[in-house]
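Structure first, commentary second.
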Amino acid sequence: MYAQLKKELETYERRTPRSRAALEHSKPWMPLGVSSNFRSYEPYPLFIESAQGTRVRDLDGNEYIDFNLCFGALMAGHANPIIVRAVEEQLKKGTMYGMPHVMEQQLAEEICARYPVENVRFGNSGTEVTMHAIRLARGFTGREKIIKFEGCYHGVHDAAMVSVKPKADKWGSATEPNQVPASAGIPKGAWEATLVAIFNDLPSVERLFKKYPGDVAALILEPVPMNIGVCMPQPGFLEGLRELCTRHGALLIYDEVKTGAKLGRGGASEYFGVKPDMVCLAKSIGGGFSLAAFGTSRKIMDIIGEGKVFHAGTYNTNPLVMAAGLATLRHVLTPENYARIDKMSKRLVEGCNQIIKQTGLTAYAIGACANGAVMLYPGEVKNYRDWAGIDVDLWRHYWFAMVNRGVMPTPHYWDEQWTVSVAHSDADIERHLEVFAEVAPALAVAQQERSGAMAAR
Ligand SMILES: Cc1ncc(COP(=O)(O)O)c(C=O)c1O
C-alpha cells in the first residue's frame with residue numbers, strides 16, 4: 001500500500017472508531033458483519049446513525065454530503081418530506097393488506113405513462129423483478145437460454161449470477177467469453193442457460209444467436225452498465241441489439257433498476273430512443289421504499305393472467321410502498337426536478353474534468369443525467385474488461401480522501417457511480433468540486449509515482 005493511501009486510511013480510522021467497534025460487534029452474528037456483501041469493505045464500513053436530505057451521519061457524528069444515496073436508490077434524497085408525509089398518512093390506514101387496493105392501478109398507470117409498457121406487475125427488489133422478467137420471457141417464447149453481458153449485474157438470482165465480475169484467468173477469450181458462475185450453489189443447468197456476450201460488441205451477441213438458433217428467450221442488459229462505473233453504449237449498439245433480438249425472436253429486456261428513474265423521466269427508452277420489449281424498475285422509483293416493477297406489452301403479460309407463468313408475493317404492493325411510489329412519481333421525479341438535476345450533474349462532470357486536466361490526472365469524468373463518476377482510466381471504458389484494469393489502490397485513495405473531507409462521492413467500490421438527487425443544491429455540487437480539487441493533486445502524484453515504479457520493474 002502506498003504512502004498517501006496509508007495516510008488517508010489512518011485519518012479514516014482516527015475519525016470513525018465507533019464504526020470499527022460496531023463491525024466487531026456484528027461479526028459474530030452475520031457473515032462479514034453486514035447484511036449485503038456490497039456493504040463490506042476494508043478496513044471496515046461506516047455505520048450510519050441517521051440521514052436526512054443529502055446528509056448522512058455516521059456513529060461518530062461525522063457528517064457527509066451523500067452522493068452514494070443507497071447505491072442510487074435515493075434520487076429523492078433521504079427521507080424526502082413529500083414522500084414521508086404520504087407514508088405517514090398511509091401508516092394510519094394500515095401497512096399490509098394482501099388484497100387489492102386502488103393505489104396499484106394508479107401506480108401502474110403512472111409507470112405505463114413513463115415507460116414503453118402496457119402492463120406491469122410489482123415486486124420489492126431489483127433481483128425479484130429481473131427474475132420474473134426472465135421467467136416471463138422464457139414462458140412466452142418457450143425457449144430456455146438468455147444472453148447477458150459480462151460484468152453486468154442484475155441481482156442475485158441464479159440466471160443473473162453468471163460472469164458478474166469474473167477474474168481474468170476465468171473469463172476466456174474476448175470473442176467467446178466463458179460463462180462463469182458468480183457463486184457456489186447455482187445449479188449447472190441454471191448457469192449454462194445464461195450465455196455471455198461483451199458489451200458494445202455486437203458480433204459477440206450475433207455469434208450467440210447463430211450458435212443457438214431458436215434457443216434464446218431474451219437478452220437482458222443495463223442500457224448504461226452502471227456496475228462498471230458509468231459505461232455508455234456506443235452509437236448504434238442499442239439499435240443493433242434491438243434489431244438482433246427482433247430478427248431472432250428474442251425479447252429485449254432493459255434492466256432499468258438504476259437507469260429507470262435516474263436517466264430521465266422515461267428511462268433509457270426515452271434517453272436513447274430505442275425501445276425494449278420489457279422494462280425492470282426498482283431503486284429510485286420507490287423514493288426510499290422497496291418498490292420494484294416489471295412491465296411489458298399486454299400480449300406478453302397476458303400469459304400471467306392465463307396462469308401459464310406464475311407471479312405472486314405477500315409484500316407486493318403493500319400500501320406503504322405504493323404511497324411512497326405514487327408520491328415519488330407524481331410529485332418528486334417531476335420534469336422541473338429532472339431539469340435541475342441535469343444542470344447540477346453537468347456542472348459536476350465538467351468541474352471534475354477541469355480539475356482532472358489541471359492536475360494532470362489520467363482519468364475522465366462522465367455523466368448521464370443524475371449519474372456520474374470519476375473514472376480512473378486512460379481511455380473510455382466500453383466494457384467490463386476495460387473496467388477491470390483499474391488501479392484499485394488509487395481508487396481507494398480517491399474514495400477515502402473524499403470521505404475524510406466530508407463528501408461521499410459514490411458508494412464504496414469502483415464499479416459504482418454518484419447520484420445527484422432532488423435534495424442536492426448548487427452549494428453541494430460546489431463543495432464536491434472543492435473537495436475533489438483538494439484531493440486530485442495527490443492522486444495525480446500517486447498515479448505518476450506508481451506508473452513510474454511499474455515502468456521501472
Ligand atoms: C442493474 C441492477 N439490476 C438489479 C439489481 C438488483 O437490485 P436489488 O439489490 O434491489 O435486488 C441491481 C442492484 O444494484 C442493479 O444495479
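The values are calculated or read from the model by the stated rules, or taken from the named source; none is laboratory data. All values reported here derive from a predicted model rather than from experimental measurement. All Cβ positions, even for glycine, are placed from backbone atoms using ideal geometry, and neighbour counts span all protein chains on display.
So here's what we get for this one:
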item	result
Every residue from region 204-219 that is in contact with a strand residue (DSSP E or B) (Cβ under 7 Å, 6 or more places away or on another chain) and either part of a strand (DSSP E or B) or not acidic (Asp, Glu) (or both)	Ser204, Val205, Leu208, Phe209, Tyr212, Val216, Ala217, Ala218, Leu219
Flag for Ser183 being farther than 25 Å from Ala73 by Cα and not hydrophobic (A, V, I, L, M, F, W, C)	no
Candidates Lys170, Lys165, Lys148 - the one that is basic (Lys, Arg), more than 13 Å from Ile220 (Cα to Cα) and within 16 Å of the ligand (Cβ to nearest atom)	Lys165
Residue in region 443-451 that is out of contact with any helix residue (DSSP H, G or I) (no Cβ under 7 Å at 6 or more places or on another chain), of a type in the set (Asp, Glu) and crowded, with 18+ Cβ neighbours inside 10 Å present	no
Residue identified as among the hydrophobic types (A, V, I, L, M, F, W, C) and at pLDDT below 95 among Ala137, Ala159, Ala174	Ala174
Residue check for Phe140: buried (at least 19 other Cβ atoms within 10 Å of the Cβ), away from the ligand (no atom under 16 Å from the Cβ) and under 30 Å from Asp201 (Cβ atoms)	yes
Residues (aliphatic (A, V, I, L, M) and either in the same structural domain as Val196 (by TED's automatic domain parsing) or closer than 24 Å to Lys283 by Cβ (or both)) located in region 370-389	Ala370, Ala373, Val374, Met375, Val381
Qualifying residue in region 43-66 (condition: out of contact with any helix residue (DSSP H, G or I) (no Cβ under 6 Å at 6 or more places or on another chain), assigned by TED's automatic domain parsing to the domain that holds Val349, more than 26 Å from Glu430 (Cα to Cα) and not in a helix (DSSP H, G or I))	yes
Residue in region 234-249 that is within 16 Å of the ligand (Cβ to nearest atom) and β-branched (Val, Ile, Thr) present	no
Residue within region 281-288 that is touching a residue at least 40 places away in the same chain (Cβ under 8 Å), out of contact with any helix residue (DSSP H, G or I) (no Cβ under 7 Å at 6 or more places or on another chain) and not hydrophobic (A, V, I, L, M, F, W, C) present	no
Residue within region 255-262 that is away from the ligand (no atom under 16 Å from the Cβ), more than 23 Å from Arg340 (Cβ to Cβ) and modelled with pLDDT of 95 or more present	no
